[in-house]
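What follows is a single structure, written as structure tokens, with notes after it.
The values are calculated or read from the model by the stated rules, or taken from the named source; none is laboratory data. Just so it is clear, the model here is predicted, and its values are computed rather than measured. As a convention, Cβ positions derive from the backbone with ideal geometry for all residues, glycine included, and neighbour counts pool all protein chains shown. These accessible areas exclude ligands, DNA and RNA; they are computed on the full protein's heavy atoms, side chains included. Shrake-Rupley method; radii C 1.70, N 1.55, O 1.52, S 1.80 Å.
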Amino acid sequence: MTKEMPEALPVARLRRLIDVAGVAAALEGPQPAATPFGHERARDAIDLALALPMAGGHLYVMGGRGVGRRAVLETALRAAAAERPAGGDLSYVSDFQEPRCPKALHLPAGLGRKLAADMERLVEDLADALKAAFQNEDYRTRRQVFEDELKERQEEAVEAVEKAAREQGIALLRAPTGFIFAPMKDGHVLQPDAFQALPEAEQQRITKVIEGLQKLLKDALSAVPGWMQETRAQIRQLNDETAAMAVGHLIESLRETYREQPAILAHLDALEADVRGHIGVFLGYAEAQDQAPHSASIEELPPPFRRYRVNLLVDRGDDHEAPVVFEDEPTFERLVGRIEQRAEQGALVTDFLMVRPGALHQANGGFLFLELQKLLSRPMAYDGLKRALKARELRIESPLAALGLMATQSLEPEPVPLDVKVALLGDRMLFYLASELDPEFSELFKVVADFDDEIRTAGDGVPQFARHVAALAGEAGLRPIQPAAMAACLEDALRRAGDIERLSADIESLLDLLREADHSAKKGGAAAIEAGHVTAAAEARERRLARLRDRSIEQVEEGLVRISTEGAVAGQINGLAVLQLGGFAFGRPSRITASVRMGAGKLVDIEREAKLGGPLHSKGVLILQGYLAQTFARDFPLALSASLVFEQSYGGVDGDSASSTELYALISAIADVPIRQDLAVTGSVDQRGEVQAIGGVNEKIEGFFDVCARRGLTGTQGVMIPASNVRHLMLAPRVLEAVEAGQFAVYPIEHIEAGLALLTGMTVGRRGADERFPEGSLYARVEARLRGFAEAQRRFAKPDEAGEKADRS
């Protein structure tokens, strides 16, 4: 052993244990209701966005799922909404002059519901009142008088012509096709053959008389259209007076009710004029109702009556504060509204009563929050939202009409002003992509609330977090949590954060664990959740997800995947990788080998050559070349050709966390010095040989430990990790037990030389004053081997140089 040999970490540094007494103190007494905890930066951003004017900047809330971003946002939105008025109602009514363009009525809260009910009653009363008025005996008598007067005048005109004809021996006959003049003799009409038997002169006289009478009849009848027009005008006036009497008092009552609402008064004026202008339609309805024993229901009334109803889109009558709306299905139509249609006689028809509100209507005057991923996945939804926010008005139209792809005629409801604050929830990548691909996105969503993925444990972080979790568990109806159980939950949060100084902010995952622990406590008849329940729940969760991990270990045990856990081999080392499958990550050892020979100073990354290596892995391999050149080839060329490969790796390889591992294998191959196979290695390295932190350190250690444990622990096995990763250690209890028993070890490595000392058992060596490595040291062997490659390459090159000189001569 040498002074360069690193020491194994004690058990106390392999996992942070939460102080149960401190947790117990935090959980003493009644627990307050759950309030937003942590995420001060994000909460300040939310407060700023809500303090700005509605159009001053919408909000984007980003962070990992489960960190409570929606709960914090909704709490802040409801607090802000409580300080704002509820806003008014929104209704659509018919524009009687242009039915395709319904008019919007903006009314005080609660008045829209009353107006809709009043108009329903008005429609019913109109139907009954008009039916009664036009079936009234007085109306029928007066109308009959006008019709009789017209008939009498027509009869008088015809009788005058008939009298003149009789005096001249001519009869006026009425036929289905009109009037006919015929000669008479002895009071009887002459038959055609009798007329033909008359003398020619008599026939001519009679014909001339008939022609005169026809002219007289024509003159008499020419006044009839004028008389009919007069009669129709009289009937129209009668109808108007009758309708005014039937409708006037109904509408006048509404005018009195809504005397302070100019928009409603204007609509009532237009409604009354429209009723009086469509009396003929109502008369037809009244006549059809003569055969009906009962009045028709509202839904059965014909379109002339439907047009007088009110379509209440937004009803704020029961609200006392501004609305807060979450739209879980943000399609185009569910955001900006839609116009429904119904089938009638094989055709699709619609009217203003079939206009439906969207989430923006419901949130107008308040707050709307959506999930960006869902918004972007619904066709036209993002464009519709953006258009409404930029224009600050809501225009209800179909998606095809918005694209200009639909030419069929439909309704065009009057746009309404939009005053809403929108908050989008999403992850960071979506925000960066949206900002990059759409410059207008950042113009609209100016305020960003970025939620932390972890919460620091410094200060009172742990007690506050414990109280927050206990409050949330209480709201979820879970059993009381014992302090030791809460400590176990917090340790799970430390493990998921991957840092003993930070707790994972993924509260939802922690609550899921507590729900399973609560189930375990229920099965056991326990009144509270204990540490054993939490441990059992965590183990059960791991067991459910660990099928592939267990299968991977079995493949090593069965010899299908070759991993050595004892002995020593030159140019071969155990690397460690992490596989992430859904929400479960596990470590898996990989055998890495290196081969060296004389060459042009190139390191061949077989993974890259096979197109299995990513750019970060290739970068790590190139760093190795820099370290070798700087450390050994100071006064001679690096005449080395080496190959590095992950054996039995059939998928992609990326990242530089194995670069120190590859460097150990490479130096072992160059020096032809065997390295221990009972150790696995992880860590990246820079050109100076400093070992750098990597991710997934707990999973990697446990992955190699599980393989060793399955084969049987020897007491010499262990894992080398970067020293900077020690703060991230939260190892499973099974590993801690083995370390405590001296069966396994974890070594912190700061420099590649310390790792080589542990792997080879040799003195690595450092250059002395003479710029040479100590005799017999590992680095002396490496430099000697590399210098030998350079000398050999020079010898091979000399004959070629001589030949080139001869050729030039």
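In whole percent, what relative contact order does the stretch 526-595 give with Cα contacts below 8 Å and a gap of six or more residues?
In percent, rounded to a whole number, it is 26.
Which aspartates and glutamates, on any chain, are close to Lys386 with Cα under 18 Å apart, when same-chain ones fewer than 8 places away are left out?
Glu327, Asp328, Glu329, Glu333, Glu371, Glu397, Asp419, Glu436, Asp438, Glu440, Glu443
Find the relative contact order for the chain and round it to a whole percent, using C-alpha pairs within less than 8 Å whose residues are 6+ positions apart.
Over the chain, the number comes to 17 percent.
Where nothing but the Cβ of Lys and Arg (+1) and of Asp and Glu (-1) is charged, how large is the charge dipole of the stretch 137-184 around its Cα centre, in debye to the nearest 20?
180
On the accessible surface of the chain, probed at 1.4 Å, how many percent belong to carbon and sulfur atoms?
Carbon and sulfur: 51 percent of the exposed surface of the chain.
Counting each pair of different Cα atoms once, what's the Kirkwood radius of the stretch 213-287 in Å, rounded to one decimal?
15.1
Is it possible to state the helix-based mean residue ellipticity at 222 nm for the chain, with each DSSP H run of 4+ residues giving -39500 (n - 2.57), the sum divided by total residues, to the nearest 500 deg cm²/dmol? What is it?
So the helix-based figure for the chain works out to -15500 deg cm²/dmol.
Which order do His249, His320, His751 take when ranked by solvent-accessible area (1.4 Å probe, heavy atoms of all protein chains), largest first?
Order by accessible area, largest first: His320, His249, His751.
What is the local net charge at Ile507, summed over the other residues whose Cβ is closer than 13 Å to its Cβ (Lys, Arg +1; Asp, Glu -1)?
Residues close to Ile507 contribute a combined charge of -2.
For Ala570, what residues show an amide H to amide H distance below 5 Å, using hydrogens built from the backbone and excluding near sequence neighbours?
Ile675
Tabulate in residue order the Karplus-calculated ³J(HN,Hα) for the stretch 11-23, using 6.51 cos²θ - 1.76 cosθ + 1.60 with θ = phi - 60°, rounded to whole Hz; enter x for Gly and Pro.
For the stretch 11-23, the Karplus-derived couplings read 4, 4, 9, 8, 7, 8, 9, 6, 5, 5, 4, x, 5 Hz, x marking Gly and Pro.
Solvent-accessible area per residue for the chain at a 1.4 Å probe radius, Å²?
Using a 1.4 Å probe on heavy atoms only, each residue of the chain averages 49 Å².
Which ³J(HN,Hα) values in Hz, rounded to whole numbers, follow from the phi angles of the stretch 479-488 under the Karplus curve 6.51 cos²θ - 1.76 cosθ + 1.60, where θ = phi - 60° and Gly and Pro get x?
Ordered by residue, 3J(HN,Hα) equals 5, x, 9, 5, x, 5, 5, 5, 4, 5 Hz.
Would you please classify the overall shape of the stretch 497-539 from the alpha carbon gyration tensor, given that a ≥ b ≥ c denote the square roots of the eigenvalues, rounded means a/c under 1.5, and beyond that prolate means a/b larger than b/c while oblate covers the rest?
prolate
Under a point-charge model restricted to the Cβ atoms of Lys and Arg (+1) and Asp and Glu (-1), what is the dipole moment magnitude of the chain relative to its Cα centre, in debye to the nearest 20?
Approximately 3000 debye in magnitude.
When we measure straight from the Cα of Lys522, which aspartates and glutamates land under 19 angstrom away, once same-chain ones fewer than 8 places off are left out?
Glu475, Asp512, Glu530, Glu539
Please give the FRET efficiency for Arg232 paired with Lys386, using the beta carbon to beta carbon distance and R0 = 60 Å, rounded to the nearest 0.05.
0.60
Roughly what % antiparallel, to the nearest 5, for the DSSP beta bridges in the chain?
Once the DSSP bridges in the chain are tallied, antiparallel ones form about 60 percent.
Using Cα pairs under 8 angstrom and six or more residues apart, how large is the relative contact order of the stretch 671-784, in percent?
For the stretch 671-784, the relative contact order is 27 percent.
Which listed residue (Pro589, Val314, Met54) has the Cα farthest towards the positive end of the charge dipole for the chain, taking +1 on Lys and Arg C-beta and -1 on Asp and Glu C-beta about the Cα centre?
Pro589
Which residue, Gly212, Ala243, Met429, has the largest displacement toward the positive end of the dipole of the chain when charges sit on each Cβ (Lys, Arg +1; Asp, Glu -1)?
Looking along the dipole axis, the top candidate is Met429.
Suppose every K and R has +1 on its Cβ and every D and E has -1 on its Cβ; what is the size of the dipole of the stretch 143-284 about the Cα centre, in Debye to the nearest 20?
380
Sort 693-704, 543-554 by the packing proxy (mean of other Cβ within 10 Å over each peptide's residues), most packed first.
Taking the mean over residues of other Cβ atoms within 10 Å, the ranking is 693-704, 543-554.
Quick one: which of Lys163/Lys185; Lys151/Lys215; Lys103/Lys374; Lys523/Lys700 span more than 25 angstrom between C-alpha atoms?
Checking Cα-Cα distances, Lys103/Lys374; Lys523/Lys700 exceed 25 Å.
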